[in-house]
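What follows is a set of notes on a single structure, which appears directly below.
The values are calculated or read from the model by the stated rules, or taken from the named source; none is laboratory data. Computed from a predicted structure; not experimentally measured. Here the Cβ positions follow ideal geometry from the backbone for every residue, glycine too, while neighbour counts run over all protein chains shown. Only protein heavy atoms, including side chains, enter the accessible area calculation; ligands, DNA and RNA are left aside. Shrake-Rupley method; radii C 1.70, N 1.55, O 1.52, S 1.80 Å.
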Amino acid sequence: MQTVNLPIRTEARTWDVIVVGGGTAGAIAAIAAARAGARTLVVEALGSLGGTGTNAQVTPLMRNVAAGVNLNRGLTDELKRRLCERGDGATDRSGNDNWFNPEGMKYVLERMLVEAGGEVLYHTHFVAPELEGGRVRAVVVHNKDGLVRLEAHTYIDATGDADLAVRAGAPFEAGEAESGLHQAMSLRFMLGGVDGERLCAFLARHGQPQESPRFMHFWMVWGKGSSLEPLFRRGVEEGLLLERDGDYFQGFSVPGQPGVISFNCPRLAAELNDGADAWTLSRAQVDGKEAIDRLLRFLRATFEGCENAFIASYAPMVGVRETRRIVGEYVLTLEDILHCKTFEDAVCRNHYPVDIHTPRGQKLYHERSGDLPYFKPDAFHEIPYRSLIPQGLSNVLVPGRCASATFEAQSAIRVQQNCHSMGEAAGLAAAWCAARGVGVREIDGVELREALRRQGANL
Ligand SMILES: Cc1cc2nc3c(=O)[nH]c(=O)nc-3n(C[C@H](O)[C@H](O)[C@H](O)COP(=O)(O)OP(=O)(O)OC[C@H]3O[C@@H](n4cnc5c(N)ncnc54)[C@H](O)[C@@H]3O)c2cc1C
C-alpha cells in the first residue's frame, strides 16, 4: 500500500493581507483592507461571501441600538444602503433597517470587494499555517489545484472557528466553562409559496399581529408565553412534531423574496453540539432536514397561508453560534458588558444582550431589563482592538464570533453587525501592518479608533 504524497505548489504572487474565511466579519475585513490600499485575498470554503449571514441564511441583522442610534455604522451603513437600493434591504415602520435578503447580500459584498480591488479564491479550504516562531509565514490551502501555499504579510482569521489561529498554536477556549457545551446549533431554511396576506391575518387572530407581509416576525418557544404555543402542543399531540421542535421556532419575511419566510430553526438535536467537528456538521444537515420536514407538514396543516408552501432552500451551512474563541490580549467578560466597560482602543460598541441558546432546551440568560447599567436604553459596552489579537502570534487578527471573549460575553457580541465592525477594524489594521511593515501589536489602537471614526464608525 502506498499513500500518494501530494506536492504543495507555491503561488507565485504574494499579498499584503490574506483573509481566511469570507464570512460576516471576513468579507467586511477584506473590503476594508483593500480600500486601505492593501493587496487583499480572501480564501473562502464556499462559493459566495457572507458566511453565516448568507450561506447559513441568518437574516435579519440583529438590532444594535442605544438611545435610538445604530451602534455599528461605517461599512455596515454602506452595506445596508446598497442592499436597500437593490430591493434586497428594507426598513420597517419602527425604523428597524436590518431586514435583508441573504442572496442580495452575497452579491453586494462581492461587488464591494471587487470594486475595492480585492480578490477572492472560492471553493478553497484553509489547511495549515507555515510558521516562523510566532509569525505565520504562509498558509497552505486545498482546492481543485491540490495543496497550494499562499503568502501574505498579515493574516486575518475570520473562519468563525479560529481555524488558523488555533492551528498556529494560539491558546483558545471553547464552550461553557463548566460543561464545555456549546450554544445550540440550528439548520435554517426558507419556505416558498407562502400567501403573506393570509398568514398575516392568521397570525393576528392568534395573537401575533404583523406590520404587513413585507415585515413579518413570529415565534414560539415552550414556556415563554407565545400565543402560538397551543398550536404547537396540538402538533405534538397529533404526531406532526416532536417535543424538541418547540424548543425554538421563529420566522421572518425576507426583502426581495415575496412569498418567502426564512426560519431561524429547527434547533438541532442536543448531542449535535460541536460545530467545529466535521462529523457533527454532517449529522447536523441530516438531523436538520428531518426536523424541517416535520415543520413543513405542521405548517402546511396548521398555518393559514402555508397550505401550498414548499421548501425553497435548505441552508448550505449549519448555523453555528459558538465554537472556539481565541484567548487574546484582552478577554472580554460578562462583567465588562453588564458594567458598560469602555476602552481607549475600542473598535466596536454593543448593546445587544447576552443571548445564550443552550443545548439543554432553554435559554440560560437573555434579560433585556434590570437594574444594572447595561439595561439603560442609552447604554453600551465596547470591544477593544486587543480582543482581536491572539496571544503568541505577531501577524494574525481574529474578528467575528471567535474573537477573545468568555462564553457569556461572546453570546452578546456575536451578532452580525458587531462582526462587521470587528472585521472593518481588523481589515484596516492589517492593511496598516503591511504598509508599515509591522506586527499587529505595533498598531496603536487609539489611532485605529480615530481612523475608524473618520470612516464613519460610531466610536
Ligand atoms: C442559527 C443562528 C441564528 C442567528 N441569528 C442572528 C440574527 O438573527 N441576527 C444576527 O445579527 N446574528 C445572528 N446570529 C449570529 C451571527 O449570524 C454570527 O455570529 C455571525 O454571522 C458570525 O460571523 P463570523 O464572521 O464570525 O463567521 P461566519 O459568518 O460563519 O464566517 C466564517 C466564514 O469562514 C469560512 N470558513 C470557515 N472555515 C474555513 C476554512 N477552514 N477555510 C476557508 N474558509 C473557511 C466559512 O465558509 C464562512 O464563510 C445567529 C447565528 C446563528 C448560528
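Which residue, of Val127, Val136, Val120, is open to solvent by less than 10 Å² (accessible area, probe 1.4 Å) and either touching a Pro at 6+ places or on another chain (Cβ under 7 Å) or at negative phi (or both)?
Working: Val127 fails: open to solvent by less than 10 Å² (accessible area, probe 1.4 Å); Val120 fails: open to solvent by less than 10 Å² (accessible area, probe 1.4 Å).
When all the criteria are applied, what remains is Val136.
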Members of segment 298-328 that are surrounded by fewer than 16 Cβ atoms within 10 Å (Cβ to Cβ) and among the small types (Gly, Ala, Ser): Ala301, Ser313
message: If Ser48 satisfies all but one of (1) over 17 Å from Thr124 (Cα atoms); (2) out of contact with any strand residue (DSSP E or B) (no Cβ under 8 Å at 6 or more places or on another chain); (3) within 9 Å of the ligand (Cβ to nearest atom), what's the number of the condition it fails?
response: (1)
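For Val331, state whether it is of a type outside the set (Ser, Thr, Tyr) and within 19 Å of the chain's Cα centre (by Cα). Show your work before the answer.
Working: of a type outside the set (Ser, Thr, Tyr): yes; within 19 Å of the chain's Cα centre (by Cα): no.
Against the criterion (of a type outside the set (Ser, Thr, Tyr) and within 19 Å of the chain's Cα centre (by Cα)), Val331 does not qualify.
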query: Considering only segment 329-353, how many residues are open to solvent by less than 40 Å² (accessible area, probe 1.4 Å) and not in a strand (DSSP E or B)?
result: 8
- prompt: In the list Gly305, Gly319, Gly256, which residue meets the criterion of being within 16 Å of the ligand (Cβ to nearest atom) and of a type outside the set (Val, Ile, Thr)?
  reply: Gly319
message: Among (1) open to solvent by less than 20 Å² (accessible area, probe 1.4 Å); (2) under 22 Å from the mean Cα position of the chain (by Cα), there is one condition Leu295 misses while meeting the rest; what is its number?
response: (2)
message: Every residue in segment 245-266 that is at pLDDT 95 or above and of a type in the set (D, E, K, R), please.
response: Asp245
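Table: residues versus (1) out of contact with any Cys (no Cβ under 8 Å at 6 or more places or on another chain); (2) outside any loop (DSSP other than H, G, I, E, B); (3) open to solvent by 10 Å² or more (accessible area, probe 1.4 Å).
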{"residue": "Leu49", "(1), (2), (3)": "yes, no, no"}
{"residue": "Val58", "(1), (2), (3)": "yes, no, yes"}
{"residue": "Met62", "(1), (2), (3)": "yes, no, yes"}
{"residue": "Lys80", "(1), (2), (3)": "yes, yes, yes"}
{"residue": "Cys84", "(1), (2), (3)": "yes, yes, yes"}
{"residue": "Gly104", "(1), (2), (3)": "yes, yes, no"}
{"residue": "Leu109", "(1), (2), (3)": "yes, yes, no"}
task: Find the strands (runs of 3 or more DSSP E) located wholly in segment 111-207 whose residues include 2 or more that are among the small types (Gly, Ala, Ser), and list them.
output: 146-157
message: Let me spell it out: the conditions are (1) buried (at least 19 other Cβ atoms within 10 Å of the Cβ); (2) closer than 27 Å to Phe249 by Cβ; (3) among the small types (Gly, Ala, Ser), and Gly95 meets all of them except one. Which number is the exception?
response: (1)
query: When residues of segment 53-91 are filtered for being of a type outside the set (D, E, K, R) and away from the ligand (no atom under 13 Å from the Cβ), how many remain?
result: 12
field: Matching option when the condition is under 18 Å from the mean Cα position of the chain (by Cα) and not hydrophobic (A, V, I, L, M, F, W, C), among Gly68, Gly87, Gly104
entry: Gly104
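Listed here are the residues, each with its yes/no results for (1) in a helix (DSSP H, G or I); (2) more than 18 Å from Leu71 (Cβ to Cβ).
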{"residue": "Ser387", "(1), (2)": "yes, no"}
{"residue": "Ser394", "(1), (2)": "no, yes"}
{"residue": "Cys402", "(1), (2)": "no, yes"}
{"residue": "Ser411", "(1), (2)": "yes, no"}
{"residue": "Trp432", "(1), (2)": "yes, yes"}
- prompt: List, please: which pairs have Cβ atoms under 7 Å, are six or more places apart or on different chains, and start with a residue in segment 49-73 that is in the same structural domain as Leu83 (by TED's automatic domain parsing) and under 22 Å from Ala158 (Cβ atoms) and end with one that is more than 7 Å from the ligand (Cβ to nearest atom) and of a type in the set (Lys, Arg)?
  reply: Leu49/Lys106; Gly50/Lys106; Thr54/Lys106; Leu71/Arg349
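Among the listed residues Ala45, Ala29, Ala36, which satisfies the condition of being among the small types (Gly, Ala, Ser), open to solvent by 10 Å² or more (accessible area, probe 1.4 Å) and under 25 Å from Tyr385 (Cβ atoms)? Before you say what the answer is, go through the steps one by one.
Numbers: Ala45 fails: under 25 Å from Tyr385 (Cβ atoms); Ala29 fails: open to solvent by 10 Å² or more (accessible area, probe 1.4 Å).
Residue meeting the stated conditions: Ala36.
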